[in-house]
1. Can you list the HN-Hα couplings for the stretch A:141-150, worked out from phi with the Karplus curve (6.51, -1.76, 1.60; θ = phi - 60°), rounded to whole Hz and with x for Gly and Pro?
2. Which entries in A:Lys8/A:Lys156; A:Lys8/B:Lys156; B:Lys8/B:Lys156 show an alpha-carbon gap greater than 24 Å?
3. Report, in degrees rounded to the nearest 10, the 0 to 90 angle that the Cα long axis of helix A:99-117 makes with the longest principal axis of chain A.
4. Considering only chain B, pick the residue with its Cβ nearest the axis of the rotation onto chain A, and state the distance in whole Å.
5. To one decimal place, what orientation-averaged projected area in nm² is obtained for the convex hull of the Cα set of the stretch A:4-67?
6. On the first, second and third principal axes, largest extent first, how far apart are the outermost C-alpha atoms of the stretch A:92-140 in Å?
7. Any idea what the A:His106 label distances to the other copies are, label 7 Å down the Cα→Cβ vector, nm, shortest first?
8. Going by Cα centres, the stretch A:131-185 and the stretch B:111-159 are how many Å apart?
Protein chains: 2
Amino acid sequence: MSLRRADKIRETLEQMIVTGELTNGERLDEMALSERFGCSRTPLREAFHNLAASGLLELVPHRGAFVRHPGLTEMVEMFEVMAELEAFCGRLAARRISPQDLAALHETVIACESAVAANDHDQYYIENERFHHLLYSASGNGFLSEQARHLHRRLKPFRRLQLRVRGRLGQSLAEHRVILAALENGRPDEAARALRSHVAVQGGKFNDLMASYKISHLNAGA
Amino acid sequence: MSLRRADKIRETLEQMIVTGELTNGERLDEMALSERFGCSRTPLREAFHNLAASGLLELVPHRGAFVRHPGLTEMVEMFEVMAELEAFCGRLAARRISPQDLAALHETVIACESAVAANDHDQYYIENERFHHLLYSASGNGFLSEQARHLHRRLKPFRRLQLRVRGRLGQSLAEHRVILAALENGRPDEAARALRSHVAVQGGKFNDLMASYKISHLNAGA
DNA sequence: TCAACTAGTTTTGTATACAATATTTGGATT
DNA sequence: AATCCAAATATTGTATACAAAACTAGTTGA
């Protein structure tokens, strides 16, 4: 289904959740929200189901819908899985990638270079996303690609905050270059290793993540 | 939400889809089904959304809900991802597993031995599932565990048919023993490798899978 | 004074009625 | 005769009305 109205509401609510406007554990009042959105409860309930499927809400029978912010633990867990999924994408892509996709990856790296030169975080963020999406497709496994996209999307707000850390852009770009080289040379293990460490939360990145987590939860109060 | 009624319908429809009672591409008529289930369209639509989230239905706006059987290609892709997820579970579990979980795994292997001795496929199926679920939990990564469970569940019908292949039970049991040994000895790489080949579709297993796929699609006509 | 039960209120789950969009069929025009 | 357009039909999406379940609060009993 997914009608126009319900979809719009879904996106809006998703934004409100990930930006922290809706705090963790908060119950979403169907009537209040329907009044706010100027619609009935029906599309809201649809949106609730979608969000629950994405893990952003918890639906308790006869109790209501509760905002479910990932705890710090769960976030680290998600990054752990993301790292492994991307590593697997890289392993497969190193063997299966097409010349077209390789060329497209090259382009994103060049675009990333421009973004770093201009210190344009937003632009880098966009090109970074293109890089990873291309990698997923290049795995040649449609199901894997879709799963990776899903998780990538779910980790979106945190990654965005992470990229704001000083110097992270340059480091990220350098890692992209290593990954691309591994793919060009058809080295599955190398690509997997590079991607795992590119995505994984370890060392200083853990502190950055914790900081961004706190920020996202400070916003929650506002 | 997920009320009693909608949940029941969801499960029923899921069964009808995976058993092939509902053929691929078939459109589900809300009114016809609501009459059949003796309810209104509302809980049906809820069930549709749940099933779509699981990938068993495709919801096209203003067109309806269509049954989405995984093609052979997609099935192989899903097994490919499943193998990697389980391998990762094993890698983590080899380092993190608790003595309690190890003991529980031991029990399932013993139960599997009984099932093989009695040539009881259903019993083996149950214990096999326990073994894998325990492994997921033992990874110590709750998110990973949940993802693995989801995919495992989705591959359920095909795995069940696979296990019916002659001699597969004994081989599976032997592989369980190898995996368990790797976990006991704290060998992450070994556990990962053993699990990958345990789950992966390769060699003769590919033919078995193709056969079970055909069977599941022959049923579809009936 | 505390606890347990019951009545009231609130809120979710379901049914039905209504509106909007897509498909289909019939006719008209080229 | 074929194609394109339009009206009719059917089906999805939304709103509202109704039923059931859970929480709350008040009262009664020990």
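1. Taking θ as phi minus 60°, the curve returns 10, x, 5, 4, 4, 5, 4, 4, 4, 4 Hz for the stretch A:141-150.
2. Working: A:Lys8/A:Lys156 19 Å; A:Lys8/B:Lys156 34 Å; B:Lys8/B:Lys156 19 Å.
Long pairs (Cα-Cα over 24 Å): A:Lys8/B:Lys156.
3. Between helix and principal axis, roughly 80 degrees.
4. Nearest Cβ to the rotation axis, residue and whole-Å distance: B:Ala53, 2.
5. Numbers: hull surface 15.4 nm².
Projected area, direction-averaged: 3.9 nm².
6. Result for the stretch A:92-140: principal-axis Cα extents of 34, 15, 12 Å.
7. 5.9
8. If we compute the Cα centre of each part, the gap is 32 Å.
Readers should treat all values here as calculations from the given coordinates under stated rules, not as data from a laboratory. Being a predicted model, the structure only gives us computed values, none of them experimental. Positions of Cβ are backbone-derived with ideal geometry, glycine not excepted, and every protein chain shown enters the neighbour counts.
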